[in-house]
Amino acid sequence: MNIKTAGIDLAKNVFQVCVLRDDGSIKWNRKVARSKLLHVIRQFPEGTVIAMEACASAHHWGRTLLEMGFKPLLLPAQAVKPFTHHQKNDVNDALAICEAAQRPSIHAVSVKSTEQQDIKALRCVRSRRVEQRTATSNQIRALAMEYGVVFPQGITTLLEAVPDAIAEPTNGLTATMRSLLAGLADDIRLLNGDIEELSCQIAALCKQQDSYQSLLEVPGFGPICAAALISEVGDGKQFQNGRQLSAWCGLIPSQHSSGGKSKLGAITKHGNKDLRVLLIHGARAVIRFIDKRDDPLGSWVRQLIERRGKHKATVALANKLARISWCILSKGCRFDASLAFVKA
């Protein structure tokens with residue numbers, strides 16, 4: 001079969017499959033039922049590039065196609081959109097995927113292994129539990145303030161203060177409100193237990209990865225940040241260098257160039273938001289105690305703070321940490337501050 005590229009518009013039950021010939025013309029573009037999809041794909045020559053958007057179930061199909069001897073290509077949805085022409089329908093979407101797959105400048109998404117999917121699933125559930133805990137604690141504070149009771153900040157201090165407020169007979173809380181606060185505090189304790197259990201499961205899975213302990217040696221990297229890098233980046237070989245990973249996290253300056261004049265602005269904030277947030281939080285943790293560091297990292301950051309201020313230095317350090325993590329993941333090396341930072 002004379003095939004150059006195949007594009008699949010993924011769905012639950014009915015898939016749109018578009019096939020291009022070597023000359024770029026459309027061989028066929030039709031709907032295929034889920035039960036018949038693999039049968040249709042087996043008709044393609046071995047090694048055929050099969051492109052899909054990196055959406056729900058894409059990694060499952062990517063792993064399946066790899067086992068079958070094909071070359072799956074997962075494309076970011078924002079890279080496919082410019083090729084959808086005028087009308088949004090399955091036929092145009094499948095054709096757009098084929099056309100985007102032929103653009104060498106589009107950075108494809110690497111197919112995640114089941115181990116990466118497990119870690120990411122645990123991270124997603126843990127993140128939702130943390131959001132629920134924050135929302136519950138905020139609700140406790142907001143409800144209690146209507147009765148003139150103000151609780152201190154922090155989850156731990158809140159849980160310590162709620163029983164005292166419930167037991168205090170002269171603070172204006174009604175019997176209904178005391179019962180409600182006790183129930184909400186119990187909810188937070190249950191969420192704390194779930195979060196702790198999920199954190200342990202994430203750490204247990206990550207310890208099976210060779211690069212996990214090496215990532216933990218990097219300043220600012222804790223178990224959650226290291227787990228996020230392993231689940232999202234894998235071995236990092238989809239990036240040619242550390243700057244590409246940093247750009248994928250949205251940590252490089254935006255650029256406006258015209259007529260030979262170039263102006264750099266704020267960071268782009270493109271790409272993976274979760275990784276960007278974790279890297280910046282890690283950089284903040286390092287800078288908080290930077291005066292106590294007597295090493296090339298401390299000297300590098302202090303010099304940067306003097307020139308550009310603490311906030312910009314935080315983002316610059318996050319950028320640097322992303323590049324360091326790429327070296328660890330892709331090359332299997334260990335963190336060495338004397339190589340990563342030039343001492344001032």
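Residues in the range 108-141 that are hydroxyl-bearing (Ser, Thr, Tyr) and either within 14 Å of the chain's Cα centre (by Cα) or not in a helix (DSSP H, G or I) (or both): 110, 113, 127. Taken over the range 25-46, the residue count meeting the criterion of being part of a helix (DSSP H, G or I) and either of a type in the set (A, V, I, L, M) or in the same structural domain as residue 272 (by TED's automatic domain parsing) (or both) is 4.
Of everything in the range 78-115 that's surrounded by 13 or more Cβ atoms within 10 Å (Cβ to Cβ) and among the small types (Gly, Ala, Ser), which residue is farthest from residue 239 (Cα to Cα)? Looking at residues that are surrounded by 13 or more Cβ atoms within 10 Å (Cβ to Cβ) and among the small types (Gly, Ala, Ser), I get 94.
Considering only the range 318-332, I want to know if a residue exists there that is of a type in the set (Ser, Thr, Tyr) and over 24 Å from residue 237 (Cα atoms). Among the residues of the range 318-332, not one is of a type in the set (Ser, Thr, Tyr) and over 24 Å from residue 237 (Cα atoms), which makes the answer no. The single condition among (1) in contact (Cβ under 8 Å) with a residue 24 or more places away in the chain; (2) within 30 Å of residue 109 (Cβ to Cβ); (3) touching a helix residue (DSSP H, G or I) at 6+ places or on another chain (Cβ under 9 Å) that residue 210 does not meet is (3). Residues in the range 271-291: is at least one at pLDDT below 90, closer than 16 Å to residue 107 by Cβ and not assigned by TED's automatic domain parsing to the domain that holds residue 130? Taking every residue of the range 271-291 in turn, at least one turns out to be at pLDDT below 90, closer than 16 Å to residue 107 by Cβ and not assigned by TED's automatic domain parsing to the domain that holds residue 130. For the range 47-95, filtering for residues that are free of Cβ contacts under 8 Å to residues at least 12 places away in the same chain and either under 18 Å from residue 115 (Cβ atoms) or outside the structural domain of residue 37 (by TED's automatic domain parsing) (or both) leaves 2.
Quick grid of which residues meet (1) assigned by TED's automatic domain parsing to the domain that holds residue 134; (2) at pLDDT below 90; (3) among the polar types (S, T, N, Q); (4) touching a helix residue (DSSP H, G or I) at 6+ places or on another chain (Cβ under 6 Å):
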{"position": "150", "(1), (2), (3), (4)": "yes, no, no, no"}
{"position": "157", "(1), (2), (3), (4)": "yes, no, yes, no"}
{"position": "215", "(1), (2), (3), (4)": "no, no, no, yes"}
{"position": "220", "(1), (2), (3), (4)": "no, no, no, yes"}
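Do you know which residues across the range 246-269 are out of contact with any Gly (no Cβ under 8 Å at 6 or more places or on another chain), surrounded by 15 or more Cβ atoms within 10 Å (Cβ to Cβ) and assigned to a loop (DSSP other than H, G, I, E, B)? Of everything in the range 246-269, those that are out of contact with any Gly (no Cβ under 8 Å at 6 or more places or on another chain), surrounded by 15 or more Cβ atoms within 10 Å (Cβ to Cβ) and assigned to a loop (DSSP other than H, G, I, E, B) turn out to be 251, 252.
The values are calculated or read from the model by the stated rules, or taken from the named source; none is laboratory data. Please read all numbers here as calculations on a predicted model, not as lab measurements. Reconstructed Cβ throughout: ideal geometry from the backbone, glycine too, with neighbour counts over all protein chains shown.
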